[in-house]
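Presented below is the structure to which this report refers.
The values are calculated or read from the model by the stated rules, or taken from the named source; none is laboratory data. Because the structure is predicted, anything quoted here is derived from the model rather than measured. Using ideal geometry, Cβ is built from the backbone for each residue, glycine included, and neighbour counts are taken over all protein chains shown. Just the protein is used for accessible areas: all its heavy atoms, side chains included, with ligands, DNA and RNA removed. Shrake-Rupley method; radii C 1.70, N 1.55, O 1.52, S 1.80 Å.
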Amino acid sequence: MHRYFLVFLLLSLGCPLAAWAQQPDTTQRQQPMRNIELDGVEVAPSAVDTKGWLLLDKDIQVELGGAVENLYNFKFDKAERQFRSLRRRYPNHPMPYFLLGLSTCWKMMPSNFQDKQYDKLMLAYLDTAIVHGERLYEDDSKNYEASFFLAASYGFAARLHAERKNWRKATLNSKEALDYLDKSKEANGLSADFLFGQGLINYYAVWISENYPLLRPVLLFFPKGNRQLGMQQLRTVARNGFYTSTEAKFFLMRLLYTEEKNPKASLQVARELATNYPDNAYFQRYYALVCYNQGEFVECQRVSKQILDKLNRGLPGYEAISGRYASFFLGYIAQFMERDLPAAQNYYQRSVVFAETTGETESGFYLLANAYLARMAAKDGDKKAARNYYLVLRENAEHRSDLYREAQAYLKGNKK
């Protein structure tokens, strides 16, 4: 996994790790965070006045259940109509603005945040949620619902600023998010939704310490973390959360696959998400990826063909990155499972074009697609095509990699 991707996950929860890593010379000028414990704090519902909390309002949950489902199934227009209806009735509450910001965020997710057209709109929704959340918190410091939305809004804003390399804003927003996350933890016993951010912090605080030892001094200012507890909390949210259940499953799917090295468990979560949200481009391509790596080629082929079909029909979220994945998987299946080399060449070429469209010419699928095309051309005696593919491979592959050495050897032995 790309190092910045994990940093951005932390920023989305309120951790300014990326900003500190990028600007070590400014660390001394930042006010250090308090050392916060995020484990197992619970408050009995009777100990907190929850009157007026929309998060716990069962009627609101029934009303918004369909909207949340539409959001994650990329039916953004339908979801946002309901969120705007909520805003008309509760114009001074952070919830509708945060949900509109979350919807806008998911519009950028399939492009891995390369699409910048929604930046201003997303930040406007989050800023408005923050304004209303801070007013509620100022009126009542025990309003943990306000703390929840403030932590989430500052965290999502921090993530977007980090994606855009606005490190100062990312740092400031993430410090605020972590502070409000600490305050909201006292409501753990009220709803599983409150555990979501804490579960991720618990997991990644340990992960960063284990995988980035140079950043351990920074972690002195962070929650101690507990990797096992973090996974347990995420599973609890996935089972019992209302608004954050799907987000928890989304992270579980990726954590199980990339960090826990448990692709079988990841496949179960990915299949559930892909089945429940068949038009979510991100869930579909991740499911195809896990199927491919687990040898579930029949299912991988089915999903990949659907991805390309939806891309061709212009469904929201289906763009070049999803096309690159799906085309490569179909090319591999055509070549090695069906022995249909013309079809394989066609799919690999499409994968190459998709990758070049987004400038991701160092991705594994791009390199492998060029390698397979080069080998097939060489086997067919088409030295010109083989040279062209190997030239691309040599230019983009890591110099220490087997693919680079393969390209170098062919080009050296087949000079013009």
May I ask for the net charge around ASP115, where only other residues with Cβ less than 11 Å from the Cβ of ASP115 are counted and Lys, Arg are +1 while Asp, Glu are -1?
-1
Filter the trypsin sites (Lys or Arg not before Pro) in segment 331-381 down to the DSSP loop ones having no more than 16 other Cβ atoms within 10 Å, then list what survives.
ARG339
Expressed in square angstrom to the nearest 10, the accessible area of GLU259 with a 1.4 Å probe stands at 30 Å²
Could you give the length gained on full extension between THR357 and ASN293, defined as 0.36 nm per residue of separation minus the Cα-Cα distance, in nm?
20.6 nm
Point-to-point label distance, ASP340-ARG239, nm (Cα→Cβ direction, 7 Å offset)
4.4 nm
Estimated distance in nm for a label pair at LYS379 and GLU63, the labels positioned 7 Å out from Cα along Cα-to-Cβ:
6.2 nm
Apply 1/(1 + (r/R0)^6) to the Cβ-Cβ distance of GLN268 and LEU391, taking R0 = 41 Å, and write down the FRET efficiency to the nearest 0.05.
0.45
Accessible area of LYS175 in the full protein assembly, 1.4 Å probe (Å², nearest 10):
40 Å²
Quick check: at a probe of 1.4 Å, how many percent of the accessible area of segment 137-210 sits on carbon and sulfur atoms?
43 percent
Kindly sort THR246, THR128 by accessible area of their heavy atoms, largest first, with the probe set to 1.4 Å.
THR128, THR246
Enumerate the calculated ³J(HN,Hα) couplings along segment 344-355 in order (Karplus 6.51 cos²θ - 1.76 cosθ + 1.60, θ = phi - 60°), each rounded to whole Hz, writing x wherever the residue is Gly or Pro.
4, 4, 4, 5, 4, 5, 5, 4, 4, 5, 4, 5
1.4 Å probe accessible area per residue over segment 287-391, in Å²
45 Å²
Set the Förster distance to 25 Å, then compute FRET efficiency between ASP49 and MET109 from the Cβ-Cβ distance, nearest 0.05.
0.10
Accessible surface of segment 50-89 [probe 1.4 Å, protein heavy atoms]: carbon and sulfur percent:
45 percent
Which whole-number percent is the relative contact order of segment 337-387 (Cα, under 8 Å, 6+ apart)?
27 percent
Euclidean distance of C-alpha centroids, segment 331-378 and segment 117-154, integer Å:
45 Å
accessible surface per residue for segment 130-190, probe 1.4 Å, DNA/RNA/ligands not counted, whole Å² -> 36 Å²
In whole percent, and with a 1.4 Å probe on the protein chains, what portion of the accessible area of segment 290-353 is carbon and sulfur?
47 percent
